[in-house]
Amino acid sequence: MKFADFRRKLAQYWYRFSQNKASIAGLIITVTIVLVTILAPYVTPYPEHAGVFVDFRNTFKPPSSANWFGTDQVGRDIFTRSIFGYRFSLIMAGTVLGIAVPLGVVLGLVSGYFGGWIESLIMRLTDIVLALPPLAMAIAVSAVLGSDLGNTMIALAMIWWTWYARLVHGMVVSLRNEEYVEAAQIMGASKLHIMFREILPNCAPAILVKTTLDAAFVIELSAGLSFLGLGVRPPEPALGTMVAEGARYLPANWWMTVFPALAILVLIFGLNWLADGLRDVLDVDL
Amino acid sequence: MTLTYKQLLEIKDLTVDFDRFGGKARVLNRVNLAVAKGEKVGVVGETGCGKSVTMKAVMNLLPTRRVTVGGSIFYKGRDLLTLDRFARRQITGKEVVMIFQDPMTSLNPVFTIGQQMEDIIGYNLAGAKRGLRLPKRLRQEAREQAARFLAAVKLADPERILNSYPFQLSGGMRQRVLIALALANQPDLIIADEPGTALDVTTQAQILELMDQLVQERGIALLMITHNLGVVRETTDRVYVMYAGTVVETAATDALFAEPLHPYTKGLLDSVPKLHGQGLSAGIEGSVPDYLQMNPGCRFYPRCPQALPKCEFEPPEPRSISENHMVSCHLIG
Amino acid sequence: MQYILFLLRRAAHSILVLLGLSIIIFIISRVMPGDPARMALGPYATQEQVAALRQEMGLDLPLWTQYVRYMSNLVQGQFGKSLISERDVRLDLAHHLPATLELIMMTMFWVVVIGIPLGALSAVKKDTAFDNLTRGFSFTAVVIPGFLVGIGFQLLFGYWLDWFPITGRLSPGTVVTQKITGLYLIDALILRDWHLFFDALKHILLPSLALSMAGIGQVIRITRSSMLEIETQDHVQVVRSYGVPNLLVTFKYILKPAFIPTLNILGLLSASLLGNAFLVESVFSWPGVAKYGVNAMLQKDINGLVGVVLLIGLGFLLANLIVDMIIGLLDPRIRLKGEAE
C-alpha cells in the first residue's frame, strides 16, 4: 500500500473514531494515565510516600488542597499512592498480555492451520483451562508459588493465552478455505508466509480489540488479587490493597477507600470506552 | 360500507424513502401497479430493484423508524395507508397474504408447524376480538382448518406434519406448509416472493404448478415477484418490469415478451440464455446503482446503451403505447 | 433418546475436562518449585517437623506414585486433611458449601429476573430513552468490578443509609433451629420461621446483588442483541405479516429462540461468577467456600486449596450441564436430533 493511501485510510479511521465522544474520552484517559504513571516520581506531590514513610502528625486527614485524596493511617498521601498504584496494575496488564497474546495467537494459528492432532491437543487444553475462573486459578498458583508478583503474572499469562488461541483458531478455520489463502497456497507460498502474512493480518483487528478489553480485565483482576493481599508486598502501593486497607476504616475515613476505588474505575472505564471505539471503527464483532 | 372499485389492489405513486447515514435514499419512486380480481401478475427486476420493498409496503412490514412512505395503496377501493393499525390488520394477513422467499427460514425453528398454524389461523378466525390467549374452541377449529389445507397442498399425513418441527421437514414440504398457511385464510390476493427459488429446480416446478392450480381453482389473485423470466412467462397474465425503484414498463405477458420496448426490458430478455441461436447472452453492463447517488433524470441512464442527452436530467413520464402497454422512456413516443 | 445421548456426550466431555483439571492442579501443586510442607509450617518449623509433614503428605514418594495416590484419593472424594483446621477437607467444604450455594443461587435469580426482562424491554423499545438508559446501565454493570460494587453498596446502604447489615449471613441473635438444607432462606420457608427468613434475606441482599451486577449487564446485552437479530428473521416477518398480535410475536416467537444464546452466556458466566465470589465473600465476610479458599491460600493449606479449586471446576461444569439440559428443552433440534442445525 502506498503511503498516501495508508494516510487516507488512517484519516478515515480517525474520523469515525472521533465521532464517538466516549471513545475519545477513553483514549484520553488511557494515554493520560499511562503517561502520568511513567512520570509518577516527577508529577506526584509526595513521591517519597510511595515507599516506607510514616508521618503520625498527618494521619487520617480528609481531602484538602494539600492532600487531594486525603491521607491514610500512617499519614501518607493517597493521591500520590494511587498514581504509584497504577504502576502495579499497568505492569501486570503489560506483562500478562505481553506473554499471553503472542503465545495464544501463535498456538491458535498453528492449531487452526495445521489441524489434526495438534489442533485437538491445543483445543482440549483450552477447554480445560477455560473451565477455571481466572481469579481462582491466579489465587491458587500465587498461593503455591508464594505471593510474588512475577509468579502471579506468569500464572495469569498461562491461563490467558487460551482466549486468544480460541479466537484466532476460530478465525483461521473460517479463513483457511478463503480464495486468497488458497491462491497463496497454489502459488507455492510457505506455510509460515501464509500463516503470518496472509491470515494473521485479517485477525489483527479482533486481536487488538480483545487485547484492549483484556487490559481492563487484567487490571480488574490485579486489583482483586491485591485486594486479597496477593501479588504485591507492602509498602509498595497497589490500588486493591489500598481499597482493602481503607475498608477497615469505613465509614469515617471513606476517602481511603473511595479514591483508590475510583482510580481503578477510571482506568477500567477508559480502556472499555477505547475498546468500544476501536470495535466500531475496525468493525469487529466480539 | 361497499365501495366500487375496478382493481382489487391499486398502488398509486408509491414512494418510499429510507433515512441512511449518508442522507435520504429514495428506494421507491412513484410506483404504479394494479391487480384485478383473480388476475395473475408478475413483477420482474434484478435483486435490489425495489420489488420486495413494494410488497413489504403493501403488507405493512417496513420498519417504522427511518422510513417514510408516500402515495397510496388502494385495496378494494380503500387506501391502506390511511387506515389505522387495527383496520389494516383486518385486510393484510387475512385478505392479502404473502408467501416469503425462503421456506427454510420462514418457519420458526423452536415451535411445531401446528403451534404456528394454530396461532396464525386462530387469530384470523378470532377477528377483532383478540386477546393474548386463544379460546380452546378456536384453537381446535384452527387446527382442523390447518389440517384441511395441508391436505389441499398434497401433503400426506397432515396430523404428523402438524406435530413436526420445521427441521424435520424437507424444503419442498416446508414450502407447501407455507402455501397451505397462505390459503388457509381464504385470501383474495396472494403475494408470492420468488417462491421456491431456494429449492432445487424440480421441486420448484412442482411447487409453482401446485400454486398455480390452487389459485386458479379458488379465483385468488396472484402477485408474483421474481427475477426468473421463465416463471413469469408461464404463470402470469400481465407483467411489470422494475428498475431501481421505478416501474419502467408494463404489458400483457405475451406482448412484453414479443415486443419489449424499454432498453432495460430488452436487456433483461437478452440476458436469458437461449436454446437456439449462438453465443452467450448479451445482458446489461453494470449493476443497480447506489440509491444515495441516483441519476436525477432516468434512473437507467448510466447503464443505458441508447441514452439520449436529455435522459441525464429529465425523468421520463409513463406513456401509453397500446391498451395495457405502458413504458417510461424518452426513446419511445 | 437423542436428548439423553446428547446429555451423556456433554457429561463425558465434562468428566474429561475435570480429569485434565485435576492433572493441572497436581502439576502445579507438586512439580512447581517450593515445598508445600515448608510453606504450611512456616519458616520457624524445625527440619524434623517439615520431614514429618512431608511424609504424612506423601511428598517423599516418587512423583508417579504420588500421582496415583492423589488420583485414587480424588476418585474417592478424598482431599486429605486441611493443614489449618486439621479436619478432613471434605468436612470443611461441606460445612462452607451451603453459604456459597445460597449466594450463587440468589445471584442467578437476580441475573435472570432483572437481566432478561430489562434486555427484552430494551429490545422492544429500541432507540428510546429507556433503551439508552438500559444500555448505559448494562455497560456500567459489566465494567465495574464486583468487589467495588460490594464496597459501594456497603458504604451506601450499610453505613450511610443503614438499611442493611453488611457482614455475615445472620444477625447475632438469630438462630437456625433446625438445619435441613443449610440454605437459610429455604430452611426458613420449610420451618415457616419468618424472622429467620427476613433476617437471612436482609443479609444476602447486598452480597448477591453486588455479585450479580456483571451478570445482569451481560444478560441484558445478549438478550437485547439476540432479540433484535431474531426480529429481522423471516419467520418473525411471516407471523407478523399474518397479523398475529405484536405482544404475542414478541413474547412467544422472538423471546423463546432468543433464550438459547442467553442461556449459553449464563453457563459461561458461571465461571466468572465463581471467581468473583472469592472477592465478594471477602468483602461481606460471607462464610462460604470462597472465603475458605482465600484462607487456605493465605495460610498455604495446599489440601484445602486443591479441594476448593476442584469444587469450583465441578461447579462450573455442573452449571453448564444444567444449561445444556434447559437448552435441550427449549430447542427441539437438540432434543430430537441431538444437535443444533
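If only one of B:77, B:93, B:127, B:131 is at the interface with chain C (Cβ under 9 Å from one of its Cβ atoms), more than 18 Å from the chain's Cα centre (by Cα) and at pLDDT below 90, which one is it?
Result of the check over B:77, B:93, B:127, B:131: B:131.
Which residues, counting only those in the range B:213-245, are modelled with pLDDT of 85 or more, within 23 Å of residue B:104 (Cα to Cα), under 15 Å from the mean Cα position of the chain (by Cα) and not β-branched (Val, Ile, Thr)?
Once the filter is applied, which keeps residues that are modelled with pLDDT of 85 or more, within 23 Å of residue B:104 (Cα to Cα), under 15 Å from the mean Cα position of the chain (by Cα) and not β-branched (Val, Ile, Thr), the range B:213-245 yields B:222, B:223, B:224.
Testing residue C:268 on (1) crowded, with 22+ Cβ neighbours inside 10 Å; (2) assigned to a helix (DSSP H, G or I), one condition comes back false. Which one is that?
The single condition residue C:268 does not satisfy is (1).
Condition check ((1) in contact with a helix residue (DSSP H, G or I) (Cβ under 8 Å, 6 or more places away or on another chain); (2) of a type in the set (Phe, Trp, Tyr); (3) part of a helix (DSSP H, G or I); (4) within 14 Å of another protein chain (Cβ to nearest Cβ)) across all residues:
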site: A:156; (1), (2), (3), (4): yes, no, yes, yes
site: A:166; (1), (2), (3), (4): yes, no, yes, yes
site: A:172; (1), (2), (3), (4): yes, no, yes, no
site: A:192; (1), (2), (3), (4): no, no, yes, no
site: A:202; (1), (2), (3), (4): yes, no, yes, no
site: A:221; (1), (2), (3), (4): yes, no, yes, yes
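Quickly run through the range C:120-134 and pick out the residues that are within 22 Å of residue C:260 (Cβ to Cβ), within 29 Å of the chain's Cα centre (by Cα) and not β-branched (Val, Ile, Thr).
Answer for the range C:120-134, where residues must be within 22 Å of residue C:260 (Cβ to Cβ), within 29 Å of the chain's Cα centre (by Cα) and not β-branched (Val, Ile, Thr): C:120, C:121, C:122, C:123.
Could you grab me the full set of residues in the range B:217-256 that are closer than 21 Å to residue B:95 by Cβ and not hydroxyl-bearing (Ser, Thr, Tyr)?
Hits for the range B:217-256 are B:217, B:218, B:219, B:220, B:221, B:222, B:223, B:224, B:225, B:237, B:238.
When you go through (1) over 19 Å from residue A:82 (Cβ atoms); (2) touching a Ser or Thr at 6+ places or on another chain (Cβ under 7 Å); (3) among the hydrophobic types (A, V, I, L, M, F, W, C) one by one for residue A:3, which number turns out not to apply?
Residue A:3 satisfies all of (1) over 19 Å from residue A:82 (Cβ atoms); (2) touching a Ser or Thr at 6+ places or on another chain (Cβ under 7 Å); (3) among the hydrophobic types (A, V, I, L, M, F, W, C) except (2).
Filter the range B:232-267 down to the residues that are in a helix (DSSP H, G or I) and out of contact with any strand residue (DSSP E or B) (no Cβ under 7 Å at 6 or more places or on another chain), then identify the one that is surrounded by the fewest Cβ atoms within 10 Å (Cβ to Cβ).
Restricting to residues being in a helix (DSSP H, G or I) and out of contact with any strand residue (DSSP E or B) (no Cβ under 7 Å at 6 or more places or on another chain), the top hit is B:258.
Would you say residue C:243 is over 30 Å from residue C:132 (Cβ atoms), without any contact (Cβ under 8 Å) to a residue 40 or more places away in the chain, outside any helix (DSSP H, G or I) and of a type outside the set (D, E, K, R)?
yes
So residue B:257 ticks every box in (1) within 21 Å of the chain's Cα centre (by Cα); (2) more than 29 Å from residue B:17 (Cα to Cα); (3) at pLDDT below 85 but one. Which box is left unticked?
The failed condition is (3).
For the range B:159-174, check the following and say yes or no: at least one residue is under 25 Å from residue B:229 (Cβ atoms), in contact (Cβ under 8 Å) with a residue 12 or more places away in the chain and either in contact with a Phe, Trp or Tyr (Cβ under 9 Å, 6 or more places away or on another chain) or assigned to a helix (DSSP H, G or I) (or both).
yes
Which residue pairs have Cβ atoms under 6 Å apart, sit 6 or more places apart or on different chains, and have a first residue in the range C:160-184 that is without any contact (Cβ under 8 Å) to a residue 24 or more places away in the chain and of a type in the set (A, V, I, L, M, F, W, C) and a second that is exposed (fewer than 13 other Cβ atoms within 10 Å of the Cβ) and outside any loop (DSSP other than H, G, I, E, B)?
C:180/C:190
Being of a type in the set (Val, Ile, Thr) and either surrounded by fewer than 24 Cβ atoms within 10 Å (Cβ to Cβ) or touching a His at 6+ places or on another chain (Cβ under 7 Å) (or both) is the filter here; which residues of the range C:206-228 pass it?
Once the filter is applied, which keeps residues that are of a type in the set (Val, Ile, Thr) and either surrounded by fewer than 24 Cβ atoms within 10 Å (Cβ to Cβ) or touching a His at 6+ places or on another chain (Cβ under 7 Å) (or both), the range C:206-228 yields only C:222.
Give the range A:133-167 a look and list any residue that's at pLDDT 85 or above and either in contact with a Lys or Arg (Cβ under 9 Å, 6 or more places away or on another chain) or not hydroxyl-bearing (Ser, Thr, Tyr) (or both), or say none.
Answer for the range A:133-167, where residues must be at pLDDT 85 or above and either in contact with a Lys or Arg (Cβ under 9 Å, 6 or more places away or on another chain) or not hydroxyl-bearing (Ser, Thr, Tyr) (or both): A:157, A:160, A:161, A:163, A:164, A:165, A:166, A:167.
The rows are residues; the columns are (1) of a type in the set (Lys, Arg); (2) more than 11 Å from chain A (Cβ to nearest Cβ).
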residue	(1), (2)
C:280	no, no
C:296	no, no
C:313	no, no
C:322	no, yes
C:330	no, yes
C:335	yes, yes
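Name the helices (runs of 4 or more DSSP H) wholly inside the range C:1-114 in which the number of residues that are in contact with a helix residue (DSSP H, G or I) (Cβ under 9 Å, 6 or more places away or on another chain), in contact (Cβ under 8 Å) with a residue 60 or more places away in the chain and buried (at least 17 other Cβ atoms within 10 Å of the Cβ) is 3 or more.
C:2-26, C:36-41, C:89-110
So which residues in the range A:233-255 are more than 11 Å from chain C (Cβ to nearest Cβ) and crowded, with 24+ Cβ neighbours inside 10 Å, if there are any at all?
Within the range A:233-255, A:237, A:238, A:241, A:242 qualify.
Are any of the residues in the range B:114-121 facing chain C (nearest Cβ under 9 Å), touching a helix residue (DSSP H, G or I) at 6+ places or on another chain (Cβ under 9 Å) and β-branched (Val, Ile, Thr)?
Yes, the range B:114-121 has at least one match.
From the list B:184, B:87, B:198, which residue is modelled with pLDDT under 90 and either under 22 Å from residue B:216 (Cβ atoms) or touching a Phe, Trp or Tyr at 6+ places or on another chain (Cβ under 7 Å) (or both)?
B:184
Please verify whether the range B:26-37 includes one or more residues that are surrounded by fewer than 16 Cβ atoms within 10 Å (Cβ to Cβ) and without any contact (Cβ under 8 Å) to a residue 60 or more places away in the chain.
Checking the range B:26-37: not a single residue is surrounded by fewer than 16 Cβ atoms within 10 Å (Cβ to Cβ) and without any contact (Cβ under 8 Å) to a residue 60 or more places away in the chain.
The values are calculated or read from the model by the stated rules, or taken from the named source; none is laboratory data. Not measured: the values here are computed from a predicted model. All Cβ positions, glycine included, derive from the backbone under ideal geometry; neighbour counts span all protein chains shown.
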